[in-house]
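Accompanying notes for the structure given below.
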Amino acid sequence: MAIYRMAESAEVLGVSDDTLRRWADQGRVRTTTTATGSLGIEGRDLADLAAARAGLTPGPDADEGTGRRDPGAATSARNRLSGIVTAVTRDTVMAQVEMVCGPFRVVSLMSREAADALRLEPGVLADAVVKATTVVVETATVRPR
């Protein structure tokens, strides 16, 4: 499972690095040490915390969101919500992908093939790109396991 830096985790949660570090000091967030010796949060733990902040499970209150736009991505969509995948339900043809983007819960239906190609699972950072009534989920890069 991926481990995300504190700054990256804070952006996903819509809080400051300092807030996230205080939560860690208070025991509200489980942290781990990365391969480089930095403090980080495992993807699944980050997904659980994001879901709690969105009101899907008990946890800290959410009151702000965040967004990130990949300057290298060429797209006509202007509404991009950065977040973390909290659940993926697959059948033989389709996949339902749930994300928390700041305080918002976003659900996208896509082909199973697309979800598999993006390696979507709880704990993966992704962007929900909204255009009209369609939500497209993108990852910056496919991260090796």
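What to note about this one:
- Only one of the listed residues (G102, G83) is touching a Gly at 6+ places or on another chain (Cβ under 8 Å), closer than 23 Å to G40 by Cβ, surrounded by 15 or more Cβ atoms within 10 Å (Cβ to Cβ) and at pLDDT below 85. That residue is G102.
- Residue in segment 105-127 that is surrounded by the fewest Cβ atoms within 10 Å (Cβ to Cβ), counting only those that are under 11 Å from the mean Cα position of the chain (by Cα) and not small (G, A, S): R105
- Tally, over segment 99-114, of residues that are assigned to a strand (DSSP E or B) and either in contact with a strand residue (DSSP E or B) (Cβ under 6 Å, 6 or more places away or on another chain) or not aromatic (F, W, Y) (or both): 10
- Scope segment 18-47; condition in a helix (DSSP H, G or I) and closer than 14 Å to A2 by Cα; matching residues: G43, R44, D45, L46, A47
- Restricting segment 2-17 to residues that are of a type outside the set (S, T, N, Q) and in a helix (DSSP H, G or I), the residue that is surrounded by the most Cβ atoms within 10 Å (Cβ to Cβ): L13
The values are calculated or read from the model by the stated rules, or taken from the named source; none is laboratory data. These numbers come from a predicted model, not from an experiment. Counting neighbours? That spans all protein chains shown, and the Cβs are built from the backbone with ideal geometry, glycine included.
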